[in-house]
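Scroll down for the structure; my scribbles are underneath it.
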Amino acid sequence: MNYQTDAPQPVREFLVYHDTIKGQSRATIDSYFLDLRTFTRYLYLERGRVPRDTSMEDIDIRDADLSLYGSVTLSDVYDFFAYLSRDRELNAASRARMLTSLKGFYSYLTVKTKQLSADPVQNVDTPKLRKALPRYLTLEESRRLLSAVDGKNKERDYCILCLFLNCGLRVSEMVGLNLTSVRQDSLLIHGKGSKERVVYLNEASAAALNDWLLVRKSIAAIDKNAVFLSSRRKRMSVDAVQMMLKKTLLRAGLDPSQYSPHKLRHTAATLMLQNGVDVRTLQELLGHESLNTTQIYTHVADSGLRSAAEANPLADFAPVVKND
């Protein structure tokens, strides 16, 4: 997928702006492109630019021009979202993300570059989202998971799970960790939107990281700066982390269909809040841009970032990795 070659000019200019000027991540740029591609393909079908029985995946949108996007009305937008709900069966969260992409695109065309005078999505309400509490492991289940680590990569896998549960990293942040990000008692995290933050290591996570780095020194890494390496000596992928977690959950007697790396991030946040970390400190620790995102967990008393790391009840849980 390459927006530079596959996107029509108005979309490409919008994506280049967010890529080069706004400095947004590749994942965000790709998400915008996929959403706008779906919207444009829908317009092609509805406007008769392609035969009605054409598969959405086969529609080439590279010749879409400004006049197409300028012809969109509020009624067209509502019809599009009805299509997403009815025919594509997208849930409210996915439709809300799609609307965010469209609003950003039309804001760029009308406000930023003034290529269009009317914004058809400006007053469209965001689909109502079901507010559900995040799923997380209990303290006992977290200990069971850590104790279940085994196999030839046990030091690496234990370190990854320990950092998830103690530091609340995103999986993208975990696989993106570089040796240059490791400080004496902290990690420099490159988070969403190219934002940096410092996450302090408690005793358990520091010990697990040190144990893995000792093993890593003996590996002739192809990616010399990556903290976590695959069996091929390259940077570990998100899929590899997810597969490792699934296997470890099974060994721990936990349901792998119910938990993911992101659920371990929820677990870290919940355990910290249950043990005295305040929600604003947790917002900074997790790298949330909005406090509303963090408040889904709860409200508790004030504390500091370093104290937040030490407040996690897994801080004194010693590594269980045994030497062969």
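The values are calculated or read from the model by the stated rules, or taken from the named source; none is laboratory data. The shown structure was predicted, so the numbers you read here are calculated from the model rather than taken from an experiment. We place every Cβ from the backbone using ideal geometry, glycine too, and count neighbours over all the protein chains shown. Surface areas here come from the heavy atoms of the whole protein model, side chains and all, with no ligands, DNA or RNA. Shrake-Rupley method; radii C 1.70, N 1.55, O 1.52, S 1.80 Å.
You can think of it this way: the chain between ALA93 and ARG183 has 28.7 nm of extra reach, that is 0.36 nm per residue less the Cα-Cα gap.
The separation of region 198-233 from region 1-73, counted between C-alpha centres, amounts to 40 Å.
Just so you know, the averaged projected area of the alpha carbon convex hull for region 158-257 sits at 6.7 nm². Helix 261-274 axis versus longest C-alpha principal axis of the chain: approximately 60°, rounded to the nearest ten.
At 0.36 nm per residue, minus the direct Cα-Cα distance, what do ARG232 and GLU140 gain on full extension? Give it in nm, one decimal, please.
Working: separation 92, 0.36 × 92 = 33.12 nm, distance 3.38 nm.
Contour length minus Cα-Cα distance gives 29.7 nm.
If the segment from ILE21 to ARG280 were pulled out straight at 0.36 nm per residue, it would be longer than the present Cα-Cα gap by 90.3 nm.
The residue among VAL198, LEU146, ALA220 whose Cα reaches farthest toward the positive pole of the charge dipole of region 141-237, with charges on the beta-carbon of Lys, Arg, Asp and Glu, is ALA220.
Normalised by the number of residues in region 172-279, what is the relative contact order in percent for Cα pairs under 8 Å and 6+ residues apart? The normalised contact order for region 172-279 reaches 19 percent. In the chain, the calculated helix contribution to ellipticity at 222 nm averages -14500 deg cm²/dmol per residue, counting -39,500 (n - 2.57) for every DSSP H run with n ≥ 4.
Taken along the Cα-to-beta-carbon direction at a fixed 7 Å, the label points for GLU57 and THR73 span 3.4 nm.
Using the heavy atoms of the protein chains and a 1.4 angstrom probe, tell me the accessible area per residue for the chain in square angstrom. Mind showing how you got there, number by number?
Values: 16760 Å² over 324 residues.
Value returned for the chain: 52 Å² of accessible area per residue.
Work from the charge dipole of the chain (Cβ charges, +1 for Lys and Arg, -1 for Asp and Glu, about the Cα centre) and give the residue of TYR78, GLN122, ALA207 farthest towards its positive end. Ranked along the dipole, the leading option is ALA207. For the set LYS103/LYS128; LYS22/LYS217; LYS154/LYS263; LYS114/LYS195, the pairs lying more than 27 angstrom apart at their alpha carbons are LYS22/LYS217; LYS114/LYS195.
For the chain, what's the relative contact order in percent, using C-alpha pairs closer than 8 Å and at least 6 residues apart? Across the chain, relative contact order equals 17 percent.
Hey, got a sec? Which trypsin sites (Lys or Arg not before Pro) in region 55-143 land in a DSSP loop and have at most 16 other Cβ atoms within 10 Å?
Those that pass, being in a loop and sparsely packed, are ARG62, ARG88, LYS114, LYS128, ARG130, LYS131, ARG135.
What is the angle, in °, between the Cα long axis of helix 74-86 and the longest principal axis of the Cα atoms in the chain? Nearest 10 is fine, range 0 to 90. Around 50 degrees separate the two axes.
Between LYS224 and GLN258, the FRET efficiency estimated from the beta carbon spacing at R0 = 45 angstrom works out to 0.75.
Do any GluC sites (Glu not before Pro) in region 7-110 lie in a DSSP loop with no more than 12 other beta carbon atoms within 10 Å, and if so, which?
On the way: sites: GLU13, GLU46, GLU57, GLU89; in loops: GLU89.
Answer by residue number: GLU89.
For the chain, with all protein chains in place and a probe radius of 1.4 Å, 47% of the accessible heavy-atom surface sits on carbon or sulfur.
So for region 11-158, averaging the separation of alpha carbon pairs under 8 Å that are six or more residues apart and normalising by length, what relative contact order in percent results? Intermediate results must be reported in sequence, preceding the final value.
Values: 77 pairs, mean separation 26.7, N = 148.
Computed value for region 11-158: 18 percent relative contact order.
So how tilted is helix 238-251 from the main axis of the chain? Cα-based, degrees 0 to 90, rounded to 10. Computed tilt is about 50 degrees.
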